[in-house]
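The values are calculated or read from the model by the stated rules, or taken from the named source; none is laboratory data. Computed from a predicted model, the values in this text were never measured in an experiment. No Cβ is skipped: glycine too gets one built from the backbone with ideal geometry, and neighbour counts run over all protein chains shown.
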Amino acid sequence: MNCKRLLSSISAVGLLTLTGGLAHASSHSDAPLIKQDPQANLTDVYAFIGMRGSTKVLNVIVNVHPFCEPGDGITYDRFASDALYSINITDPRNGRLVRTYSFRFSDPNQGFKNPNSAFSYGVGTEIGAIEHVNDNRQNFTQKYSLMRTDVGGIETTLGSNLLVPPPNVGIRTTPYYNDPATGKAISGATTRDTLDRYTQETIYDLPTGETVFCGSREDSFFADTPGIFDLLDPRILGTTLGQSGGNVDGFKGFNVLTYSIQIPVSDLPSIKYTAAFTGRAKGVGVYATVSRPHITIRDSKGFRMQGAWVQVNRLGNPLFNEVLVANKDKDRFNITIPKYDARNYKQYAVNPEVAVAINLVFGTTFVTSGRDDLAAVFIPDVLRVNTTTGPVPLIGEGGNRLSFIGGDTTNGAASGWPNGRRLGDDVVDIALTAIASGPAYTAITVVGDNVAENDQSYNYVFPYAATPHSGARHTKDSGVNKE
């Protein structure tokens, strides 16, 4: 559907707020098998056009390992060394792979300066606050390498021995993450030199033109999944769109592990495709995967890996596998690739069960079949990014969390999802509004969960994801930590 027509429809009929629905986490608990493997469990993928100095770039930020408890010492969460974390660039029309960037991390059981200490942070060959990444007080430091694989299997090493910053243990151990008065994480940086010291020191501008960062970050997603899953608790029934209504962000106070990259747009293919809602476009598709070795042998000496990498999780658009795909296919979805989505999973977008459930609970009459409009968003399951636009406005800097539904466009394209995805795009409300309003979109029924924003400000510069919550002081705990 044409974006101008959709926006005029919104203007004509106003915004009818019907909050509710069966929205899930973006992809925090999408399938039974990957739920048992948190280090490989992707939660969210973000991809949007921005600037790095005078260079137009595609930003890709991938979150993995849902519900990282900030205070989970003494080890804290780390990337798995027996996993391959990848960002895949595809043909946006059919999901066919054109390039992969793969991150490989060092052994979380090695890399200690003082293996005789039980502490990983604050006690190494010296004792005290970590002043700089990998100093003598950061006992454990994880490192990683980055590979690029192009069509034909041509592999290039882009970087090696790159450092992961320490987790945000707390103000006494990692003071430069936190406000000295409150002990809580500081976020919202607008330039690289106003990011915290640890993040600044682990952003790498590579000789090949890419910029990368990997480390702990605050969970960027927000939704009232606790109320939704409690048989649609009445608290999710609406007041005014965008107000919290006393609702609970089920991801408040948690961290994730993040791997991210900036790719110069000039280094990417520009492929013609038809964008959902806005029509003709040129750009790429993006999705993330995590793979494990085909064989892992565990014995008294540890473990050994054999054979090729096997994909165990994948993620492109938010909500698809989690909300739309049936239980019988969720695990299969994670081990297949997007170019087969039209054959294997299109029916779940065309005939959305979630619309049936909303109708049963709320007495609505949303269209439950023939939803080619939803298939245009979700099939194949890659984030399609129009790379011909200028940099999109960020949420908090002029961007609207409802993307094109809120009138937020850039050079005629939606500024946010489903044209890529920015941190802060309210994908639950956007998806449910599409389910409620399509396929005709003659009137727009705005549907949401009454959680309109993240619990922490994002950063407005790469890697964009918010500073990780402090283990000692964060937003979800009771008592002295309560906001």
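Among the residues of segment 407-421, the one identified as on the phi > 0 side of the Ramachandran plot and either crowded, with 21+ Cβ neighbours inside 10 Å or in contact with a strand residue (DSSP E or B) (Cβ under 7 Å, 6 or more places away or on another chain) (or both) is Gly420.
For segment 93-130, which positions are in contact (Cβ under 8 Å) with a residue 60 or more places away in the chain, more than 30 Å from Ala376 (Cα to Cα) and of a type outside the set (Phe, Trp, Tyr)? Hits for segment 93-130 are Asn109, Ile130.
Rundown of residues vs (1) closer than 21 Å to Ala80 by Cα; (2) modelled with pLDDT under 95; (3) not aliphatic (A, V, I, L, M), yes/no style:
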{"residue": "Thr278", "(1), (2), (3)": "no, yes, yes"}
{"residue": "Thr289", "(1), (2), (3)": "yes, no, yes"}
{"residue": "Arg298", "(1), (2), (3)": "yes, yes, yes"}
{"residue": "Met305", "(1), (2), (3)": "yes, yes, no"}
{"residue": "Ala326", "(1), (2), (3)": "no, no, no"}
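A residue that is within 30 Å of Ile271 (Cα to Cα), outside any loop (DSSP other than H, G, I, E, B) and hydroxyl-bearing (Ser, Thr, Tyr) cannot be found anywhere in segment 112-125. The number of residues in segment 340-357 that are at pLDDT 95 or above and assigned to a helix (DSSP H, G or I) comes to 10.
Only one of the listed residues (Val361, Val367, Val356) is surrounded by fewer than 16 Cβ atoms within 10 Å (Cβ to Cβ), farther than 18 Å from Asp381 by Cα and in contact (Cβ under 8 Å) with a residue 24 or more places away in the chain. That residue is Val361.
Among the residues of segment 300-350, those that are touching a Lys or Arg at 6+ places or on another chain (Cβ under 7 Å) and farther than 23 Å from Pro38 by Cβ comprise Lys339, Ala349, Val350.
Going residue by residue through segment 390-400, is there one that turns out to be in contact (Cβ under 8 Å) with a residue 12 or more places away in the chain, in contact with a helix residue (DSSP H, G or I) (Cβ under 8 Å, 6 or more places away or on another chain), aliphatic (A, V, I, L, M) and buried (at least 24 other Cβ atoms within 10 Å of the Cβ)? Looking through segment 390-400, none of the residues is in contact (Cβ under 8 Å) with a residue 12 or more places away in the chain, in contact with a helix residue (DSSP H, G or I) (Cβ under 8 Å, 6 or more places away or on another chain), aliphatic (A, V, I, L, M) and buried (at least 24 other Cβ atoms within 10 Å of the Cβ).
Residue-wise test of (1) buried (at least 16 other Cβ atoms within 10 Å of the Cβ); (2) of a type in the set (Ser, Thr, Tyr); (3) part of a loop (DSSP other than H, G, I, E, B); (4) modelled with pLDDT under 95.
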residue: Asn161; (1), (2), (3), (4): no, no, no, no
residue: Asn168; (1), (2), (3), (4): yes, no, yes, no
residue: Pro180; (1), (2), (3), (4): no, no, yes, no
residue: Thr199; (1), (2), (3), (4): yes, yes, no, no
residue: Thr208; (1), (2), (3), (4): no, yes, yes, no
residue: Val212; (1), (2), (3), (4): yes, no, no, no
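Just for segment 249-262: of the residues that are farther than 30 Å from Thr100 by Cβ and buried (at least 19 other Cβ atoms within 10 Å of the Cβ), which one is modelled with the highest pLDDT? In this case the residue turns out to be Gly253.
Yes/no per residue for (1) assigned to a loop (DSSP other than H, G, I, E, B); (2) farther than 25 Å from Thr289 by Cβ; (3) at pLDDT below 95; (4) in contact with a strand residue (DSSP E or B) (Cβ under 7 Å, 6 or more places away or on another chain):
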residue: Lys4; (1), (2), (3), (4): no, yes, yes, no
residue: Ser9; (1), (2), (3), (4): no, yes, yes, no
residue: Gly20; (1), (2), (3), (4): yes, yes, yes, no
residue: Leu33; (1), (2), (3), (4): no, no, yes, no
residue: Tyr46; (1), (2), (3), (4): no, no, no, yes
residue: Val64; (1), (2), (3), (4): no, no, no, yes
residue: Asn88; (1), (2), (3), (4): no, no, no, yes
residue: Pro92; (1), (2), (3), (4): yes, no, no, yes
residue: Phe103; (1), (2), (3), (4): no, no, no, yes
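Does Asp373 qualify as being in a helix (DSSP H, G or I), surrounded by 15 or more Cβ atoms within 10 Å (Cβ to Cβ), among the charged types (D, E, K, R) and in contact (Cβ under 8 Å) with a residue 24 or more places away in the chain? For Asp373, the condition - in a helix (DSSP H, G or I), surrounded by 15 or more Cβ atoms within 10 Å (Cβ to Cβ), among the charged types (D, E, K, R) and in contact (Cβ under 8 Å) with a residue 24 or more places away in the chain - is met.
Say whether the condition of being within 17 Å of the chain's Cα centre (by Cα), of a type in the set (Ser, Thr, Tyr) and part of a loop (DSSP other than H, G, I, E, B) is met by at least one residue in segment 462-471. Within segment 462-471, one or more residues are within 17 Å of the chain's Cα centre (by Cα), of a type in the set (Ser, Thr, Tyr) and part of a loop (DSSP other than H, G, I, E, B). For beta carbons closer than 6 Å, sequence separation of 6+ or different chains, a first residue in segment 208-222 that is at positive phi and a second that is assigned to a strand (DSSP E or B) and not polar (S, T, N, Q), the qualifying pairs are Gly209/Pro264. Looking only at residues in segment 285-301 that are over 26 Å from Pro352 (Cα atoms), under 23 Å from the mean Cα position of the chain (by Cα) and not hydroxyl-bearing (Ser, Thr, Tyr), the one that is surrounded by the most Cβ atoms within 10 Å (Cβ to Cβ) is Val290. Could you go through segment 405-426 and let me know if any residue there is among the basic types (Lys, Arg), touching a Pro at 6+ places or on another chain (Cβ under 8 Å), closer than 16 Å to Val323 by Cβ and not in a loop (DSSP other than H, G, I, E, B). Taking every residue of segment 405-426 in turn, at least one turns out to be among the basic types (Lys, Arg), touching a Pro at 6+ places or on another chain (Cβ under 8 Å), closer than 16 Å to Val323 by Cβ and not in a loop (DSSP other than H, G, I, E, B). Among the conditions (1) surrounded by fewer than 20 Cβ atoms within 10 Å (Cβ to Cβ); (2) in contact with a Phe, Trp or Tyr (Cβ under 9 Å, 6 or more places away or on another chain); (3) assigned to a strand (DSSP E or B); (4) not hydroxyl-bearing (Ser, Thr, Tyr), Val98 misses just one, which is (2). When Pro108, Pro70 are screened for being of a type outside the set (S, T, N, Q), assigned to a loop (DSSP other than H, G, I, E, B), over 24 Å from Gly153 (Cβ atoms) and in contact with a Lys or Arg (Cβ under 6 Å, 6 or more places away or on another chain), only Pro108 passes. When Arg314, Arg304 are screened for being touching a strand residue (DSSP E or B) at 6+ places or on another chain (Cβ under 9 Å), part of a strand (DSSP E or B) and surrounded by fewer than 22 Cβ atoms within 10 Å (Cβ to Cβ), only Arg304 passes. Remark: pairs (first residue in segment 330-352, within 15 Å of Val290 (Cβ to Cβ); second residue outside any helix (DSSP H, G or I) and at pLDDT below 95; Cβ separation under 6 Å; 6+ apart in sequence or on different chains) = Asp331/Ala31; Asn334/Ala31.
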